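Reviewing the structure listed below.
We did not get these values from a lab; they are worked out from the coordinates using the rules stated. Nothing here was measured: the structure is a model prediction, and the numbers come from that model. Positions of Cβ are backbone-derived with ideal geometry, glycine not excepted, and every protein chain shown enters the neighbour counts.
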Amino acid sequence: MTRAWILPSLLVVCGAAVASTLFLRGSSGTAVALLTAFALFAGVNSPLIFPRSIGAEEARRRSAADGRPVIFWRPGCAYCLRLRIRLGRAARRAHWVDIWRDPAGAAVVREANGGDETVPTVLVAGRPHVNPEPTWVREKLSS
């Protein structure tokens with residue numbers, strides 16, 4: 001199991017344990033509601049809501065060809081989730097790199113952030129931008 005799935009897995013397991021306890025105590029409605037909430041929270045924190053990640057080198061190559069931004073992210077990052085949700089459908093036009101799956105992507109982010117793995121880091125025309133406003137990223141995706 002990759003570490004991208006650790007948090008969502010823990011959320012589902014904990015939700016199931018709490019829901020089981022509530023169910024055994026006779027609170028089946030509360031158990032179902034709580035399990036649903038844990039499952040939704042796990043889904044939001046999983047890599048599933050992000051477009052398919054590619055490698056950093058491939059993303060840079062594609063960005064040079066089509067001019068679209070490269071977004072470096074990692075699962076469980078609240079700022080990455082905010083960016084993804086606020087971009088909406090436009091997010092699919094960007095090139096996404098999961099720094100936990102791609103060591104070269106993590107190296108690019110560390111180089112841009114003085115050794116820190118601060119995400120989201122967005123590369124536009126080869127220049128890094130750390131945690132930019134989603135409206136600014138959306139503008140870059142539409143141009």
Testing the spin-label approximation: label points 7 Å from Cα along Cα→Cβ at TRP136 and THR2. State their distance in nm. 2.8 nm
Report the Cα centroid-to-centroid distance between the range 101-130 and the range 1-42 in angstrom, as an integer. 34 Å
Using a 10 Å Cβ count of at most 10 others and DSSP loop calls, identify the longest part of the chain lacking such trypsin sites (Lys or Arg not before Pro). 53-143
Starting from the Cα of VAL18, step 7 Å along the direction of its Cβ; do the same at GLU58; then give the gap between the two resulting points in nm. 3.7 nm
Cα extents of the range 3-48 along the three principal axes, largest first (Å): 35, 14, 7
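Please compute one quarter of the surface area of the Cα convex hull for the chain and express it in square nanometres.
9.3 nm²
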Net charge near PRO75 (other residues with Cβ under 15 Å of its Cβ; Lys, Arg +1; Asp, Glu -1) is +3
Which percent, to the nearest 5, of DSSP beta bridges fully inside the chain are antiparallel? 65 percent
How far apart, in nm, are the 7 Å Cα→Cβ label points at ALA104 and ALA39? 3.9 nm
Spit out the partnerless Cys residues in the chain, using Cβ distances under 4.7 Å as the pairing rule. CYS14
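So for each of 68-80, 32-44 I average, over its residues, the number of other beta carbons within 10 Å; can you give me the resulting order with the highest mean first? Write out the running numbers ahead of the final one.
Numbers: 68-80: 20.9, 32-44: 15.5.
Averaged packing, sorted descending, gives the order 68-80, 32-44.
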Any chance you could run the full-extension gain for ALA90 through VAL32? It's 0.36 nm times the residue separation minus the Cα-Cα distance, nm to one decimal. 17.5 nm
What does the convex hull of the alpha-carbon atoms of the range 1-78 project to on average, in nm²? 6.2 nm²
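Calculated FRET efficiency, LEU10 and ALA78, Cβ-Cβ r, R0 22 Å, to nearest 0.05? Let's see the in-between values first.
On the way: r = 17 Å, r/R0 = 0.75.
E(calc), rounded to 0.05, equals 0.85.
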